[in-house]
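**Q** Got a structure here, written out as structure tokens. Questions coming.
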Amino acid sequence: MADYRLYQAKITVLTPLHIGSGRDLLNEYDYAVYKGHTWRLNEDVLLEAQDLDDPKLADRLAGIPPAQLLREHDFQPDSALFRYVIRGTPRSKAPGAQVREQLKDVYDRPYLPGSSLKGALRTALGWKRWQVLGLRPDVQNLNRKREFAAQWYEQELFSEHSGKAPNKDTFRALHVADSAPVSADRLILVNARVLNRGGALGSPIELEAIRPD
């Protein structure tokens, strides 16, 4: 029987951390901006609060962004109209402006997926082993297919013996579980910019992120 060792890790976030869900949230449809905070709408509760028995109102609601149904007194942190509230606001306040959503569980609690942590461990250990082995970039070692470009280097870094197949990768024995979730109050709204190859700032990106601890 295989002898597995179990380790429990505590992760500290040093900078704002964004791990995307793959979804973009839309201003006035998925969230509202009010008094320095971003309010994630609970669309179902918001619509249930309307008088849907009135046919004229029901037709009109179909063309109104949900956030426009809110009144100033609705913006209460404990209101059922909102799934959660985030400190900070995106640059753009235009209707339909986008915010990249943070990965969360079904209860809107952000967590760190094990695959992301394993990737970070692999990168850190790979760089260390790169230095130990004295490897250097060489275009002749790159695979012609983009998705397998670094395959030769990965085998050198992580296989028990040079040139072994990927299924002999040492990291195949490491299984990393997802972290425990944290509450949505750990989230902040971050306005980021992308650096291009020349060092200039590219397009702005608004996103949810876990705040530094």
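The values are calculated or read from the model by the stated rules, or taken from the named source; none is laboratory data. In this text the structure is predicted, and so the values were computed from the model without any measurement. All Cβ positions, even for glycine, are placed from backbone atoms using ideal geometry, and neighbour counts span all protein chains on display. Accessible surface is based on the protein model in full, side chains and every heavy atom, while ligands, DNA and RNA are left aside. Shrake-Rupley method; radii C 1.70, N 1.55, O 1.52, S 1.80 Å.
**Q** Could you give the length gained on full extension between residue 196 and residue 142, defined as 0.36 nm per residue of separation minus the Cα-Cα distance, in nm?
**A** 17.1 nm
**Q** Taking a ≥ b ≥ c as the square roots of the Cα gyration tensor eigenvalues, with a/c under 1.5 meaning rounded and otherwise prolate when a/b beats b/c, else oblate, which class fits the stretch 108-198? Working shown, then result.
**A** Details: a/c = 2.68, a/b = 1.57, b/c = 1.70.
The shape class here is oblate.
**Q** Chymotrypsin sites (Phe, Trp or Tyr not before Pro), restricted to the stretch 74-147: which are DSSP loop and have at most 11 other Cβ atoms within 10 Å?
**A** In loop regions of the stretch 74-147 (DSSP not H, G, I, E or B), the sparsely surrounded chymotrypsin sites (Phe, Trp or Tyr not before Pro) are 107.
**Q** Here is a further query. R0 = 41 Å: FRET efficiency of residue 13 with residue 80, Cβ-based, nearest 0.05?
**A** Values: r = 29 Å, r/R0 = 0.72.
The calculated FRET efficiency here is 0.90.
**Q** Excluding residues fewer than 8 places away in the same chain, name every one of the aspartates and glutamates whose C-alpha is closer than 15 Å to that of residue 145.
**A** 154
**Q** Hey, what do the phi angles of the stretch 65-77 turn into as Karplus ³J(HN,Hα) couplings, whole Hz, using 6.51/-1.76/1.60 and θ = phi - 60°, x for Gly and Pro?
**A** Once rounded to whole Hz, the list reads x, x, 5, 6, 7, 7, 10, 4, 6, 6, 7, 10, x.
**Q** Of [x] 0.90; [y] 1.81; [z] 1.38, which is the value of Cα Rg over 2.2 N^0.38 Å derived from the coordinates here?
**A** Read-out from the structure maps to [z].
**Q** Net charge near residue 114: determine it from the other residues with C-beta under 15 Å of the C-beta of residue 114, scoring Lys and Arg +1 and Asp and Glu -1.
**A** +2
**Q** Could you give the nm distance between label points at residue 123 and residue 92, where each point is 7 Å from its Cα heading toward the beta carbon?
**A** With each label placed 7 Å out from Cα toward Cβ, I get 2.7 nm.
**Q** Could you provide, to the nearest whole Å², the per residue accessible area of the chain with probe 1.4 Å?
**A** Result: 70 Å² of accessible area for each residue.
**Q** Using each residue's phi in the stretch 15-26, evaluate 6.51 cos²θ - 1.76 cosθ + 1.60 at θ = phi - 60° and report the 3J(HN,Hα) Karplus result to the nearest Hz, with x for Gly and Pro.
**A** 9, x, 10, 10, 10, x, 8, x, 10, 9, 8, 10
**Q** Considering only DSSP beta bridges where both residues belong to the chain, give the percentage that are antiparallel (nearest 5).
**A** Numbers: 24 of 27 bridges.
If I count the DSSP bridges inside the chain, around 90 percent turn out antiparallel.
**Q** State which stretch of the chain is the longest one without any exposed trypsin sites (Lys or Arg not before Pro), exposure meaning a DSSP loop state and at most 14 other Cβ atoms within 10 Å. Intermediate values should be presented prior to the final figure.
**A** Numbers: sites that count: 5, 10, 35, 71, 91, 93, 144, 145, 164, 197.
Value returned for the longest uninterrupted segment is 94-143.
**Q** Relative to the first principal axis of the alpha-carbon coordinates of the chain, what is the inclination of helix 114-133, with its axis defined by its Cα atoms, in degrees from 0 to 90 and to the nearest 10?
**A** 30
**Q** For residue 23, what residues show an amide H to amide H distance below 5 Å, using hydrogens built from the backbone and excluding near sequence neighbours?
**A** 101
**Q** Counting only protein heavy atoms and a 1.4 Å probe, tell me what percentage of the stretch 93-213's accessible area is made up of carbon and sulfur. Spell out each step's value before the answer.
**A** Values: 4450 of 8340 Å².
C and S atoms contribute 53 percent here.
**Q** Helix-derived [θ] at 222 nm for the chain: sum -39500 (n - 2.57) over DSSP H runs of at least 4, divide by residue count, nearest 500?
**A** Taking each H run of at least 4 residues, the total per residue is -5500 deg cm²/dmol.
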